[in-house]
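Engineer: Got a structure here, written out as structure tokens. Questions coming.
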Amino acid sequence: MVVEDDRNLATGLKLNFELEGYTVDLVHSIRDAGAHLIESGKYAALILDVMLPDNEEGGFVLCRKLRDAGDFTPVLMLTARDRISDRVRGLEAGADDYLVKPFELDELLARVRSLLRRRGWEQKSSEGPAERVHIGDVEIDFAARVTARGGEELKLTALEYDLLRYFIENPNRVLSRQELQEKVWKLDNYPNSRMVDNFILRLRKHLEPSPKEPRYFVSVRGAGYKFVPE
């Protein structure tokens, strides 16, 4: 689904996505988008403008509502708001990617393909067995992007999976907030570390037996965080 109030741009996007073989629903407001999204999991991806006629920050609002409702459909925010603080806000709202207007069509198409791969919709059977790890009683399947505890699925966003993978690939090493911002979020020299702290809290909520007394994702005072496997 493409949510975009510039009707000329929206029509052009719809045409180009259809030429690539996608089926596209096109809407121009938060209200119309909400009506289409009642059925969770209906879409493979959402292209979401931030500033919409019925809400100037509607993209942020809608993305947050989806995530709070347990809908983790991949979201790419497409907007003229080009400040790093806006990009960070979009990612914190649960977006998987953020592309600033004006943009190159080829880049947009490539980013959408990447989102679909990351969520497992384009996984090929020839890729071999899924890569699975355990953290306590939680099983994580990175290939299928499925995480479960006792047979009950836990909903993680694409960025949460990326952060989790980076921790697992660097066990028992103190990772600074700056390193995590550069390696996971691709943000260089961004001064606000609150985003990293918020995502660590979310990983603890998902994976720790007692989030307030973390066993696996440990804070190192004045330095950052460390993943301590069993």
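The values are calculated or read from the model by the stated rules, or taken from the named source; none is laboratory data. Predicted model, so just to flag it, every value in this text is computed and none were measured. Heads up, the Cβs are rebuilt from the backbone with ideal geometry, glycines too, and the neighbour counts pull from every protein chain shown. Just the protein is used for accessible areas: all its heavy atoms, side chains included, with ligands, DNA and RNA removed. Shrake-Rupley method; radii C 1.70, N 1.55, O 1.52, S 1.80 Å.
Engineer: Given the options Ile30, Ile200, Ile84, which has the most mean-square fluctuation in a GNM of the chain, springs set between C-alpha atoms less than 10 angstrom apart?
Structural biologist: Per the Cα network of the chain with a 10 Å cutoff, Ile84 tops the list.
Engineer: Looking only at Leu66, Leu76, Leu37, which one moves most when the chain is put into a Gaussian network model with springs between Cα atoms under 10 Å?
Structural biologist: Looking only at Leu66, Leu76, Leu37, the largest GNM fluctuation is found for Leu37.
Engineer: Below 8 Å, C-alpha to C-alpha, sequence gap of six or more: please give me the relative contact order for the stretch 156-227 in percent.
Structural biologist: Values: 70 pairs, mean separation 27.6, N = 72.
Once normalised by length, the contact order is 38 percent.
Engineer: How large, in percent, is the carbon and sulfur part of the accessible surface of the chain at a probe radius of 1.4 Å? Don't skip to the end; give the middle numbers.
Structural biologist: Values: 5680 of 12040 Å².
The value for the chain is 47 percent carbon and sulfur by accessible area.
Engineer: Amide H to amide H under 5 Å from Val75: which residues, 5+ apart in sequence or cross-chain, H placed 1.01 Å off N in plane?
Structural biologist: Leu46, Asp96, Asp97
Engineer: If you don't mind, another one. Calculate the spin-label point distance for Glu18 paired with Phe103, positioning each point 7 Å from the Cα along the beta-carbon direction, and give it in nanometres.
Structural biologist: Taking the simple label geometry, Phe103 and Glu18 are separated by 2.0 nm.
Engineer: Loop only per DSSP, at most 10 neighbouring Cβ atoms within 10 Å: give me the trypsin sites (Lys or Arg not before Pro) in the stretch 19-118, ordered by residue number.
Structural biologist: Of the trypsin sites (Lys or Arg not before Pro), the ones in loops of the stretch 19-118 whose Cβ has at most 10 other Cβ atoms within 10 Å are Arg83.
Engineer: While we're on this one: Quick one: which residues, 5+ away or cross-chain, put their amide H under 5 Å from the amide H of Ala143? H built at 1.01 Å from N.
Structural biologist: Glu131
Engineer: In addition: Could you check what % of the DSSP bridge pairs in the chain are antiparallel, to the nearest 5?
Structural biologist: Numbers: 17 of 28 bridges.
Once the DSSP bridges in the chain are tallied, antiparallel ones form about 60 percent.
Engineer: With a cap of 14 neighbouring Cβ atoms within 10 Å, and only residues DSSP puts in a loop, list the trypsin sites (Lys or Arg not before Pro) found in the stretch 132-161. Kindly include the intermediate steps, with their values, before the conclusion.
Structural biologist: Numbers: sites: Arg132, Arg145, Arg149, Lys155; in loops: Arg145, Lys155.
Listed in order of number, the matching sites are Lys155.
Engineer: Can you give the charge dipole size of the chain about its Cα centre, rounded to the nearest 20 debye, using +1 on the beta carbon of Lys and Arg and -1 on the beta carbon of Asp and Glu?
Structural biologist: Value, rounded to 20: 780 debye.
Engineer: Same structure, new question: Enter the accessible area per residue of the stretch 156-227 (Å², integer; probe 1.4 Å; all protein chains in place).
Structural biologist: Values: 3670 Å² over 72 residues.
Each residue of the stretch 156-227 exposes 51 Å² on average to a 1.4 Å probe.
Engineer: Between Pro211, Phe60, Val3, whose Cα lies farthest towards the positive end of the dipole of the chain when Lys and Arg beta carbons carry +1 and Asp and Glu beta carbons carry -1, centred on the Cα centre?
Structural biologist: The residue sitting most towards the positive pole is Pro211.
Engineer: Also: Which of these, Val50, Val100, Val220, has the largest mean-square fluctuation under a Gaussian network model of the chain (Cα springs below 10 Å)?
Structural biologist: Fluctuation is largest for Val220.
Engineer: Turning to a different aspect of this structure: Which whole-number percentage describes the relative contact order of the stretch 2-121, with Cα contacts under 8 Å and a sequence gap of 6 or more? Walk me through the intermediate numbers first.
Structural biologist: Numbers: 165 pairs, mean separation 25.4, N = 120.
That works out to 21 percent.
Engineer: Moving to a separate point now. For an R0 of 45 angstrom, estimate the FRET efficiency from the Cβ-Cβ distance between Asn55 and Glu230 and round to the nearest 0.05.
Structural biologist: Computed FRET efficiency for Asn55 and Glu230 comes out at 0.50.
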